[in-house]
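The structure appears below as structure tokens.
Any read-out appearing in this document is the output of simple, stated calculations on the displayed coordinates, not a laboratory observation. Keep in mind it's a predicted model, so treat the numbers as computed, not measured. Here Cβ is always computed from backbone atoms with ideal geometry, including for glycine, and neighbour counts include all displayed protein chains.
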Amino acid sequence: MRQYFERLKHAIVKGDWVLLLLCVFTSAFGCLMTASTTNYLNSPRYIILQIVGTVIGILLYAVVSSLNVDFLMEHRNALVVFNILFLALLIPFGVEVGGNKSWVDLPILPFNIQVAEICKITYILIAASIMNAHKENISSLRSVVHMGLHLALLFIMNMVLSDDMGVSLIFVFIFAVMAFAGGVHILWFAGAIGAAVLAFPFVWPRMDSYQRLRIEVLFDPSLDPDGTGPLWQTTLSQRSLTGGGMTGQGLFNGHRTQNDAFTGQHTDFVFSAIGEELGFVGCAAVLLVLGVIIARCVWVGMRSPDYGRRIICIGAAAALTFQILINVGMCVGYAPVIGLTLPFISYGPSSIVSLYAMLGLVSGIYARPKATSHERYIRPPLS
């Protein structure tokens, strides 16, 4: 126990304070936007829960920073079991939100938990552990199959239990970026793309009709010419973004934002609310800060001489990048509405907590860029 508190103290002193301050600044702005986008409700509940989630996240950032990532990667099988059991909570406790059952309602918590948000952190560690074990021959058939099986397990479980394509695709994107950064040969990616093209005619008819329609309207707006069907949220989102002009209508003064014009203005479409109330300048500032956070994660990884640690940082950066690209794409009409939040900005206590925990791994790597001589490390097994 004493040794753990020594590591915690070291993590607090030597951890990545720049990354933490960037995250706190961004989530503080997110709390402000939560207050604005839920102002019409005349209830402080959302802002209180968002602040509580931020405080818990900051504490968890420090705790995770103190963990030995080598030890975590050694116990890859335990992480796999954790993911399976955690996703299995969707069976007895899953609740439907926004058309999918990706949330767990536990009586002991005042808010729901999106289990995949937690699983993506452990998946980054699992993928890094596998890649670290195979790093001498990362492009071999055995290595790629090993990585692919773990991805398939998580992807299929999440899709079957939650029917949430958006969150499931995060795992695919994390895997692809980590594999590319880790040195997997480009021919494997070409083969994967080819397989996806061949599988498309069989997968497309088996998708739910509403899922197909959300994609089809992006290429053929005539399917919803009045913008009252699948394009309803996207149409209102675009109007909010353009309605803000260069500097916006002012916080707590957005015409649509303050009148509850469309669903999800404090979650999936908070970027549109920023556009309406703070204009192009506000949107650009948000993307700039989020871009700096991603760049910081990559920089921390690149300064580490340890392969596994580098890959973990790249995985965290990939998770953030995918969410930002899809969320902003939804708001401007270039991506289907699949329910992904804008990191640190959108309302969601469980999302905030998981983001701080994930970046706590990066902070720990900043504090300990390589294993020290007194830390026990056993190379993860190949099988």
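List the trypsin sites (Lys or Arg not before Pro) within region 258-309 that DSSP assigns to loop and that have no more than 16 neighbouring Cβ atoms inside 10 Å.
Listed in order of number, the matching sites amount to none.
For an R0 of 30 angstrom, estimate the FRET efficiency from the Cβ-Cβ distance between residue 255 and residue 208 and round to the nearest 0.05.
Computed FRET efficiency for residue 255 and residue 208 comes out at 0.30.
Given a 10 angstrom Cα cut-off, can you work out which residue in 58, 124, 193 is the most mobile in a GNM of the chain?
Highest fluctuation among the options: 193.
Can you check what the net charge comes to around residue 30, using other residues whose Cβ is under 15 Å from the Cβ of residue 30 (Lys, Arg +1; Asp, Glu -1)?
Net of charged neighbours comes to -2.
Compute the length gained on full extension between residue 136 and residue 284: take 0.36 nm times their separation in residues and subtract their Cα-Cα distance, giving the result in nm to one decimal.
Between residue 136 and residue 284, full extension yields 49.1 nm more.
Mind listing the phi-derived Karplus ³J(HN,Hα) values for region 118-124, rounded to whole Hz, using 6.51, -1.76 and 1.60 with θ = phi - 60°, and x for any glycine or proline?
3J(HN,Hα) across region 118-124, in whole Hz: 6, 5, 5, 5, 5, 5, 4.
Any chance you could give the angle, 0 to 90 degrees and rounded to 10, that helix 45-65 forms with the longest Cα principal axis of the chain?
20 degrees
In percent, what relative contact order does the chain have, based on Cα pairs under 8 Å that are 6 or more apart in sequence?
After rounding, I find 30 percent.
Which of 208, 306, 16 moves most in a GNM of the chain, Cα contacts under 10 Å?
208
Quick one: which residues, 5+ away or cross-chain, put their amide H under 5 Å from the amide H of residue 368? H built at 1.01 Å from N.
The list, which skips near neighbours in sequence, is empty: none.
Against the longest alpha carbon principal axis of the chain, how many degrees, from 0 to 90 and to the nearest 10, is the axis of helix 232-243 turned?
80 degrees
Using the Karplus curve 6.51 cos²θ - 1.76 cosθ + 1.60 with θ = phi - 60°, work out ³J(HN,Hα) for each residue of region 15-21 in order, rounded to whole Hz, and write x for Gly and Pro.
In residue order, the calculated couplings are x, 7, 6, 5, 4, 4, 5 Hz.
Angle, helix 349-367 long axis vs. longest principal axis of the chain, Cα atoms, 0 to 90°, nearest 10?
40 degrees
Below 14 angstrom from the Cβ of residue 86, what's the summed charge of the other residues (Lys, Arg +1; Asp, Glu -1)?
0
Skipping prolines and chain starts, which residues have an amide H placed within reach, meaning under 5 Å, of the one on residue 114, given they are 5 or more residues away or on another chain?
Amide H neighbours of residue 114: 104.
When only alpha-carbon atoms are used, what values of Rg and Dmax, in angstrom, describe the chain?
In Å, with Rg to one decimal and Dmax whole: 21.0, 66.
Okay, helix-only estimate at 222 nm for the chain: each DSSP H run of n ≥ 4 adds -39500 (n - 2.57), divide by all residues, round to 500 deg cm²/dmol; what do you get?
My calculation for the chain gives -22500 deg cm²/dmol from helical runs alone.
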